[in-house]
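A short worksheet on the structure shown next.
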């Protein structure tokens, strides 16, 4: 593997909707360039960047994978990203490590929700973007359909730089607008070989139409070229390419290509234009990094060989018999094999042995990497995704990847007894690999909770848990942390007496209970006068009440927002002790709380739902069906609406799945805890009945 410097490196994130042909395209580009020895396919399970067992079994990409092509003395790092929303975090990590985006659009399906999502992500990051209409050889392929879809749904700045000759089974060439030539592909070609010929007479009108659009579009972005264009002068290829490249940086133009990855048609021209139009790692604007662990000020990071070493770990992947493999992008300085670096995020050193560049599942060992390049190393001691590697002399931290928050939550338990510890270890390892997979233990409900971006995300995580760590995790709906409270005042006695020979037990207290405002919590008042209960036993009554209130009186949930006043009682000089009065406090709570109109409180979440207006009615209806309260609906530019609502937490399970279905993937929502409110009687009775059955089965 030859050595590449920053100006000869292109970092491209290949993004788009699921099944649009991203993985097949990456495989074809690497193979056609000669960087990969085999032309694989997703269908056959041997595509370059789909090598995880779960990917080959399911037939779609799950994780971010890295490959590269070598073309025109340039190394093109290709970051193949998943297209389904359940694995969006991996795609965002790929965009973070790249300098530009290649948005793949299926020529048969056109612009889909994943296309829109990832194009918008690239726009927000101010990345240059080029489009490619893939699968031009498939039945019902339509280049014009892709072009019209991009213009109407994404951006009117899209402009074809290639036009297909034929579509579907008739696709056999392209009109190269920049070169003013036709590429007629050789049937049976393995590496996209073609005959370059003059524009055929039957396609001249088509060429003229699109060429005029291309030159007019480019000229409109450059004052000098516009003057030439309006003056009737010819704009040469070099000037047109340079102007388009600059317009792409400003996100004014988005070139559109076409290809068939299966046949490798159009792949050579695409590689050439990636080199010519996409910015090199050296050309990218400086980054701002925080100095040291505290981050009290920032410094600029440039792609400079002589600068201090700075790299960002954007992915961690666990491999059997190898351990964790860390993938990183170098932003400054050079990295040599065996070099010691400083993890500024965690404050320790790491030795970078067996330095390599990734090519799918393979790693090619190298001796040196320059700024802008992507590399990987195995078995770092304690470095993880989002960590910054730098030097002890110049410790800096790069901004972290903003991964999306999990939207689907389940409780998980080990299917076999005795494997809980093994389950916990596996879950934490999965989180180390995938920042969007989160896990924690809920001490209140005594459940291990897992959260992900979708049901498919968690399904894959459980499959990996079994395959990699040998433990089966079973998912179930998580319990809701309800609360109980009281609505009325009452008072009563708690009397504990036990005599079984010798010294007995005696405790007697009278308490008064009353409700307080929501969120006020628990309050205990000592109103005993005249020594009816010795002061040393009063705290025991308090402890008894608190212990009993933790189990409630309706459905076993903690009681909150009430005041207990102990105002009278009696004691025995010999038989009374702290335990006796604690038990008396428990009995007093159980007696009085039942008379204070106990009710259930349910946790509420405030949600903000973004939806296209066409689905607004369905979204509002669904929220109402979940006992939600609509706070308001605000119009959003682009034919969308933002719905603000408060919904019971118990009704939010799998809301992400239902919203995706009702809005065809276009709906998004944010969720945050709001507080507790009284539960309606009908819903409360159902919860009480369910918990009564559970407690009786447990013998409580």
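Taken over the stretch 89-113, the residue count meeting the criterion of being under 24 Å from residue 612 (Cα atoms) and in contact with a helix residue (DSSP H, G or I) (Cβ under 7 Å, 6 or more places away or on another chain) is 7. From the list 435, 416, the one residue that fits, being more than 23 Å from residue 385 (Cα to Cα) and out of contact with any strand residue (DSSP E or B) (no Cβ under 8 Å at 6 or more places or on another chain), is 416.
The single residue among 573, 624 that is free of Cβ contacts under 8 Å to residues at least 24 places away in the same chain and closer than 30 Å to residue 533 by Cα turns out to be 573. When 18, 45 are screened for being touching a helix residue (DSSP H, G or I) at 6+ places or on another chain (Cβ under 7 Å), in a loop (DSSP other than H, G, I, E, B) and in contact (Cβ under 8 Å) with a residue 60 or more places away in the chain, only 18 passes. Residue count for the stretch 325-349 under the criterion of being in a loop (DSSP other than H, G, I, E, B) and under 17 Å from residue 376 (Cβ atoms): the result is 3. Answer yes if at least one residue in the stretch 69-77 is more than 21 Å from residue 468 (Cα to Cα) and part of a helix (DSSP H, G or I), and no otherwise. Among the residues of the stretch 69-77, not one is more than 21 Å from residue 468 (Cα to Cα) and part of a helix (DSSP H, G or I), which makes the answer no. Could you tell me whether the stretch 4-12 includes any residue that is farther than 12 Å from residue 74 by Cα and in contact (Cβ under 8 Å) with a residue 24 or more places away in the chain? There is at least one residue in the stretch 4-12 that is farther than 12 Å from residue 74 by Cα and in contact (Cβ under 8 Å) with a residue 24 or more places away in the chain. If the requirement is being surrounded by fewer than 17 Cβ atoms within 10 Å (Cβ to Cβ) and at negative phi, which of these qualifies: 379, 361? Within the list 379, 361, the selection yields 361. Exactly one residue out of 74, 56, 23 is outside the structural domain of residue 357 (by TED's automatic domain parsing) and buried (at least 24 other Cβ atoms within 10 Å of the Cβ), and it is 23. Does residue 660 count as touching a strand residue (DSSP E or B) at 6+ places or on another chain (Cβ under 6 Å), part of a helix (DSSP H, G or I) and at negative phi? Considered against the rule, which asks whether it is touching a strand residue (DSSP E or B) at 6+ places or on another chain (Cβ under 6 Å), part of a helix (DSSP H, G or I) and at negative phi, residue 660 comes out as no. Checking every residue in the stretch 121-135 against the condition of being outside the structural domain of residue 657 (by TED's automatic domain parsing), in contact with a helix residue (DSSP H, G or I) (Cβ under 7 Å, 6 or more places away or on another chain) and more than 25 Å from residue 245 (Cα to Cα) gives zero matches. Which residue out of 389, 423 is under 29 Å from residue 480 (Cβ atoms) and not assigned by TED's automatic domain parsing to the domain that holds residue 52? The unique qualifying residue is 423.
Yes/no matrix, rows are residues, columns are (1) modelled with pLDDT under 95; (2) out of contact with any strand residue (DSSP E or B) (no Cβ under 9 Å at 6 or more places or on another chain); (3) surrounded by fewer than 17 Cβ atoms within 10 Å (Cβ to Cβ); (4) farther than 23 Å from residue 684 by Cβ:
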| site | (1), (2), (3), (4) |
| --- | --- |
| 527 | no, no, yes, yes |
| 540 | no, no, no, yes |
| 549 | no, no, no, no |
| 575 | yes, no, yes, yes |
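Of everything in the stretch 239-256 that is within 11 Å of residue 178 (Cβ to Cβ) and in contact with a helix residue (DSSP H, G or I) (Cβ under 6 Å, 6 or more places away or on another chain), the residue that is surrounded by the most Cβ atoms within 10 Å (Cβ to Cβ) is 244. Confirm whether residue 331 is touching a helix residue (DSSP H, G or I) at 6+ places or on another chain (Cβ under 9 Å), buried (at least 22 other Cβ atoms within 10 Å of the Cβ), at pLDDT 95 or above and within 18 Å of residue 400 (Cβ to Cβ). Criteria not met by residue 331. Which of the strands (runs of 3 or more DSSP E) found entirely inside the stretch 133-238 contain at least 3 residues meeting this: surrounded by fewer than 15 Cβ atoms within 10 Å (Cβ to Cβ) and without any contact (Cβ under 8 Å) to a residue 60 or more places away in the chain? Of the strands (runs of 3 or more DSSP E) lying wholly inside the stretch 133-238, those with at least 3 residues that are surrounded by fewer than 15 Cβ atoms within 10 Å (Cβ to Cβ) and without any contact (Cβ under 8 Å) to a residue 60 or more places away in the chain span 194-197. Taking the stretch 621-667 as the range and being touching a helix residue (DSSP H, G or I) at 6+ places or on another chain (Cβ under 8 Å) and closer than 22 Å to residue 17 by Cβ as the test, the residues that pass are 639, 640, 657, 658, 659, 660, 662, 663, 664, 665, 666, 667.
From the list 683, 689, 645, the one residue that fits, being at pLDDT below 95, surrounded by 13 or more Cβ atoms within 10 Å (Cβ to Cβ) and either over 26 Å from the mean Cα position of the chain (by Cα) or outside any helix (DSSP H, G or I) (or both), is 683. Examine the stretch 305-317 for a residue that is over 23 Å from residue 7 (Cα atoms) and either more than 26 Å from the chain's Cα centre (by Cα) or at pLDDT 95 or above (or both), and state whether such a residue exists. Scanning the stretch 305-317 turns up at least one residue that is over 23 Å from residue 7 (Cα atoms) and either more than 26 Å from the chain's Cα centre (by Cα) or at pLDDT 95 or above (or both).
If only residues of the stretch 26-42 that are assigned to a helix (DSSP H, G or I) and touching a helix residue (DSSP H, G or I) at 6+ places or on another chain (Cβ under 8 Å) are counted, the one that is farthest from residue 261 (Cα to Cα) is 33. Being surrounded by fewer than 19 Cβ atoms within 10 Å (Cβ to Cβ) and within 30 Å of residue 499 (Cβ to Cβ) is a property that does not hold for residue 582.
The values are calculated or read from the model by the stated rules, or taken from the named source; none is laboratory data. These numbers were taken from a predicted model, which means no experiment stands behind them. No Cβ is skipped: glycine too gets one built from the backbone with ideal geometry, and neighbour counts run over all protein chains shown.
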